[in-house]
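Below: the structure, in C-alpha cells.
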Amino acid sequence: MAEEKFYKYVIVGGGVSAGYAAREFGRHGVKPGELAIISKEAVAPYERPALSKAYLFPEGTARLPGFHVCVGSGGERLLPEWYAEKGIDLLLSTEIVKADLASKFLVSAAGTTFKYEVLIIATGSTVIKLTDFGVQGADANNIFYLREIDDADKLIAAIKEKKDGKAVIVGGGYIGLELGAALKVNNLDVTMVYPEPWCMPRLFTAEIAAFYEGYYANKGIKIIKGTVAVGFDSDTNGNVTAVKLKDGRVLDADIVVVGVGGRPLTTLFKGQVEEEKNGIKTDGYFKTSVPGVYAVGDVATFPLKLYNELRRVEHVDHARKSAEQAVKAIKASEEGGSIETYDYLPYFYSRSFNLSWQFYGDNVGDTVLFGDNNPESSKPKFGAYWIKNGRVVGAFLEAGTPEENKAIAKVARVQPPVEDLEKLTKEGLAFASAL
Ligand code: FDA
Ligand code: NAD
C-alpha cells in the first residue's frame, strides 16, 4: 500500500533556501517530527555557489561536508546530524512529482503522499538546455550544464579524462564567466561564445565588461561574441568533437559547458497558485495566493519595497533572506504577532581567477565608471554607480575590501542625490566611503 505521512511543515526542495529555512525553524524551536525537507538531491542543503568556484578547482578544492549551509554567510554548518538532532526529517533523493495545493498534499516519485499544514516551496531553478530549442547534436556526451552537485561531479570526471583538452563555453552570463575561469585554471584550452556584444549584459555596462573580457583574454581565454552555437558534431561513441557556430565557424571541443540561463521550477504548481514574472507571486512575507503556502528563493516573485515593484531574484543572498523571512512570518502568525514586510536590497557577486566583484541596488539609469579598469594593471580596482532621477541607485565594485563593499551597499540603500556626474566620477569610491 502506498505510504502516507503527515508533517506540520513541509519544505519542498533541499537547496539554499531550504537550509536557511531549517536553521530559522531551529532557532524558533521545532518539535521532533514537525518539519520535513523533501529534496531530489542526495545530500543535505549546501551553498550552491561553491559548485562553480572552489568545487571545480584543482587545488584548494571544496568538498562536502565543507560547504553545507550556512557557512556561506559565516553561519553554523548544518551537517545531516544537525537535522537528526532537531528531529527534522531530511528526505533525500526524493522527488515530488505531484502537488495538490487545495487538498494540501504532495506525492513523491516513489508514490509516498506527504500531507502538510504549511508548505514552503523552495524548488529553485533548473537550467535551460540547448535541446529545449532543438539545437542539432546538443544531446551529445560531454555537453554539460551546472545546477546540482551531480552535474559538477560529472564535469569534474570529464575534466580529468580530457586533461589539457579543448573546452567551449556557451553563454556569457554568470555560469559562462565562472566556468570559463574554472576550466582555464584546470589547464583546458578555453573558448567562450555568446550572442551579445559583451559579457553579462544583464548587469555589466560595456566598460565593466571590457575589463573582464580583457582580463580573460590575458589569461589565454578566447572570446567569440555576437554568435550562437547552432549544432554539435560527435564521434562514433557519441562524444562531442566540435561546436558549429551560426557565423559558420567550427570550434574543436572535448568538453562543452552551457550556461544559457535558468528557469524557475514552478511546473508542479501551475494553475494552482498565482504567478507573476515567471515565478510564484508572494507578498512581503512570502505568502502565496494559496493559504498556508509560501514560496522562497528563485521561485518567488515578491514585492521589492525599495523599488515598489514585483521582482524575482535568482541569487543566493535573497534565497537565504527570503527563507528566513518566511519562517519568521509563519512563526509570528502562529503566535498572533506580526513582523515587518521584506525590505530587500538586491546584492549580487561573483568571483573568478583573483577577481571578485559585488553589486548592490538597481542597475538602471545613467552610469559613471571610476578607478583603474585596465586589465593589464597589476592591481586593477574600479567601480561604477548607476544614477536615476538624480540619485545613485546602484553601485558596483571590483576588488573592494569588506569596508568598501559595505560603503557601496550603503549608497545603494540610501540613494544619495548627485548633481554633477563628472565630480562623482572623480570622487569615485570616496563618495561612498564618505556617506
Ligand atoms: P536551489 O536551487 O538552491 O534549491 C532547489 C532545490 O530543490 C534543489 O535541491 C533541487 O534538487 C530541489 N528540487 C527541485 N524540484 C524538486 C522536486 N520536484 N522535488 C524535490 N526536490 C526538488 N548566486 C549568487 O548570488 N552568487 C553566486 O556566486 C552564485 N553561484 C551559483 C553557482 C551555480 C553553479 C548555480 C547553479 C547558482 C549560483 N547562484 C549564485 C545562484 C544561487 O545558488 C541560487 O539563487 C540559489 O541556490 C537559489 O536557492 P533556492 O533554494 O531557491 O534553490
Ligand atoms: P545568465 O542569465 O546569467 O546568462 C545566460 C547567458 O547566456 C546570457 O549571456 C545569454 O544571453 C546567453 N545566451 C542565451 N542564449 C544563448 C545561446 N543560444 N548561445 C550562447 N549564449 C546564449 O544565466 P547562467 O549563467 O546560465 O546562470 C544560471 C543561473 O545560475 C542564474 O540563475 C544565475 O543567477 C545563477 N548563477 C549565479 C551566479 C552568481 O550570482 N555569481 C553564478 C552562477 C550561476
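Looking at this structure, is Ser322 within 16 Å of ligand 2 (Cβ to nearest atom), surrounded by 17 or more Cβ atoms within 10 Å (Cβ to Cβ) and in a strand (DSSP E or B)? Criteria not met by Ser322. Checked against (1) over 29 Å from Tyr360 (Cα atoms); (2) in contact (Cβ under 8 Å) with a residue 12 or more places away in the chain, Gly248 passes all but a single condition, namely (2).
For the subset of the range 225-240 comprising residues that are in contact with a Ser or Thr (Cβ under 7 Å, 6 or more places away or on another chain) and surrounded by fewer than 17 Cβ atoms within 10 Å (Cβ to Cβ), which member is nearest to Leu179 (Cα to Cα)? Talk me through it step by step, then tell me what you get.
In the first step, residues of the range 225-240 are kept if they are in contact with a Ser or Thr (Cβ under 7 Å, 6 or more places away or on another chain); the result is 233-235, 240.
Going one step further and asking which of them are surrounded by fewer than 17 Cβ atoms within 10 Å (Cβ to Cβ), we end up with 233, 235.
Details: Asp233: 22, Asp235: 24 Å.
This residue is Asp233.
I'm trying to understand the selection: among the residues of the range 379-404, which are under 13 Å from Phe211 (Cα atoms) and assigned to a loop (DSSP other than H, G, I, E, B)? Across the range 379-404, the qualifying residues are Lys379, Pro380, Ala399.
Per-residue answers, yes or no, for (1) within 16 Å of ligand 1 (Cβ to nearest atom); (2) among the β-branched types (Val, Ile, Thr):
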| residue | (1), (2) |
| --- | --- |
| Leu179 | yes, no |
| Val190 | no, yes |
| Val193 | no, yes |
| Thr205 | no, yes |
| Phe211 | no, no |
| Lys219 | no, no |
| Ile224 | no, yes |
| Val228 | no, yes |
| Leu251 | no, no |
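On the stretch given as the range 1-40, residues that are within 16 Å of ligand 2 (Cβ to nearest atom) and under 21 Å from Asp153 (Cβ atoms) total 3. Among what's in the range 92-106 and is without any contact (Cβ under 8 Å) to a residue 60 or more places away in the chain and surrounded by fewer than 18 Cβ atoms within 10 Å (Cβ to Cβ), pick the residue that is farthest from Leu265 (Cα to Cα). Only one residue fits best here, namely Ser103. In the range 1-47, the residue that is nearest to ligand 1 (Cβ to nearest atom) out of those that are free of Cβ contacts under 8 Å to residues at least 40 places away in the same chain and out of contact with any helix residue (DSSP H, G or I) (no Cβ under 6 Å at 6 or more places or on another chain) is Arg27. Quick check on the range 322-339: of everything there that is in contact (Cβ under 8 Å) with a residue 24 or more places away in the chain and of a type in the set (D, E, K, R), which residue is farthest from Phe286 (Cα to Cα)? Applying the filter and picking the extreme gives Lys331.
Among Leu90, Leu79, which is away from ligand 1 (no atom under 16 Å from the Cβ), at pLDDT 95 or above and not charged (D, E, K, R)? Outline the logic, then answer.
Numbers: Leu90 fails: away from ligand 1 (no atom under 16 Å from the Cβ).
None of the other options fit; the residue is Leu79.
Being modelled with pLDDT under 95 and not small (Gly, Ala, Ser) narrows it down to one residue among Leu369, Leu435; which is it? Reasoning before the result, please.
Details: Leu369 fails: modelled with pLDDT under 95.
None of the other options fit; the residue is Leu435.
Within the range 157-181, the set of residues being under 16 Å from Lys222 (Cβ atoms) and crowded, with 20+ Cβ neighbours inside 10 Å comprises Ala167, Val168, Ile169, Val170, Gly171, Gly172, Gly176, Leu177, Leu179, Gly180, Ala181.
Please specify each residue of the range 193-248 satisfying the condition of being among the hydroxyl-bearing types (Ser, Thr, Tyr), outside any strand (DSSP E or B) and farther than 21 Å from Glu376 by Cα. Talk me through it step by step, then tell me what you get.
Pass one, the range 193-248, residues among the hydroxyl-bearing types (Ser, Thr, Tyr): 194, 205, 212, 215-216, 227, 234, 236, 241.
When the remaining residues are screened for being outside any strand (DSSP E or B), the result is 205, 212, 215-216, 227, 236.
If the condition is that a residue be among the hydroxyl-bearing types (Ser, Thr, Tyr), outside any strand (DSSP E or B) and farther than 21 Å from Glu376 by Cα, then Thr227, Thr236 are the ones that fit.
Can you tell me which residue within the range 252-267, out of those that are of a type outside the set (S, T, N, Q) and surrounded by fewer than 17 Cβ atoms within 10 Å (Cβ to Cβ), is farthest from the chain's Cα centre (by Cα)? That would be Asp252. Checking Ile96, Ile169, Ile143, Ile159 one by one, the residue that is of a type outside the set (D, E, K, R) and under 30 Å from Ala22 (Cα atoms) is Ile96 and no other. Just to verify a result, which residue in the range 351-370, among those that are in a loop (DSSP other than H, G, I, E, B) and either free of Cβ contacts under 8 Å to residues at least 60 places away in the same chain or on the phi > 0 side of the Ramachandran plot (or both), is surrounded by the fewest Cβ atoms within 10 Å (Cβ to Cβ)? Filtering first and then ranking leaves Asn354.
The set of residues in the range 124-139 that are more than 13 Å from ligand 2 (Cβ to nearest atom) and either over 28 Å from Val243 (Cβ atoms) or not charged (D, E, K, R) (or both) contains only Gly137. I'd like the full set of residues that are over 23 Å from the mean Cα position of the chain (by Cα) and closer than 17 Å to Asp362 by Cβ, limited to the range 386-405. Ile387, Lys388, Asn389, Gly390, Arg391, Val392 - these are the residues of the range 386-405 that are over 23 Å from the mean Cα position of the chain (by Cα) and closer than 17 Å to Asp362 by Cβ.
The values are calculated or read from the model by the stated rules, or taken from the named source; none is laboratory data. Every value quoted in this text rests on a predicted model; they were computed, and no experiment measured them. Here the Cβ is made from the backbone with ideal geometry for all residues, glycine too, and neighbour counts use every protein chain on show.
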